[in-house]
Amino acid sequence: MKKIRLLTLALIALFIGSTASAQTQKGNLMVGSDITDFGFNFQKESTIFHFTLNPKLAYFIKDDLALGAYVNLGVQTTGGNGTNVDYGVGALARYYFQDKNIRKMEFSKRVRFFGEANAGFGGSNPASGASTNGVQLGVGPGLSYFITPNVALDALVKYDVIIGGGNSTTSHQLNFGLGFQIFLPTAKARAIMREEMGK
């Protein structure tokens, strides 16, 4: 019984003491999504459903720097007043900061600050009002909290702008996203894909 307690304590200490830096090393994959908005508003004659989903896939080309792709999809139904649709697709870059001054602000070994930028094509199309479709650019800071060595909860504040055509030539948004990311070594990711494909 004593050995089991010691083993359990050792595993807990290893788990708690593990740092997040190994997950952002060259060759790892990052897969996940931001969920910025999801819900229903039940009101007589004006029931509203809304959600925004932002899946991402990126590959660490070097330690702490990942390049990949994203998709945005946001829908809001406004009862009998039509549907608002936001969308986007493009490339993203995420960099986990190594600067000593920034790392001093990390309040836990499980926390990593990062910056994220994206560029692609997107649109903001409300049921009524100005719509814009064209080049989508975004940039902002974020924080990853590693709840396990390979899974992180993300918080991200991002300024997005769409420049193009429609009723308005530009659309500006400040978004706050909460989500999760899974970090996998490339070999592990391939093994999971082979297993899912039945090979």
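Laid out as a table, the results:
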read-out	value
Accessible area in square angstrom per residue, segment 98-188, 1.4 angstrom probe	51
Globularity ratio of segment 65-199, using Cα Rg and 2.2 N^0.38 Å	1.28
Hits among aspartates and glutamates - C-alpha to C-alpha of K26 under 16 Å, sequence gap 8 or more where chains match	D63, D64
Accessible surface, 1.4 Å probe, highest first, among residues M30, M197	M197, M30
Rg in Å to one decimal, and Dmax rounded to a whole Å, for segment 139-180 via C-alpha atoms	14.7, 47
S124, S108, reordered so the largest accessible area comes first (probe 1.4 Å)	S108, S124
Share of carbon and sulfur in the accessible heavy-atom surface of segment 59-100 [1.4 Å probe, %]	62
Largest to smallest accessible area among F60, F49 [probe 1.4 Å]	F49, F60
Accessible surface of segment 114-199 [probe 1.4 Å, protein heavy atoms]: carbon and sulfur percent	67
Size-normalised alpha-carbon gyration radius of segment 43-143, reference 2.2 N^0.38 Å	1.41
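The values are calculated or read from the model by the stated rules, or taken from the named source; none is laboratory data. Here the structure is a predicted model, which is why all the values come from computation and not from measurement. Each accessible area value is taken on the protein alone, full model and side chains, heavy atoms only, with ligands, DNA and RNA left out. Shrake-Rupley method; radii C 1.70, N 1.55, O 1.52, S 1.80 Å.
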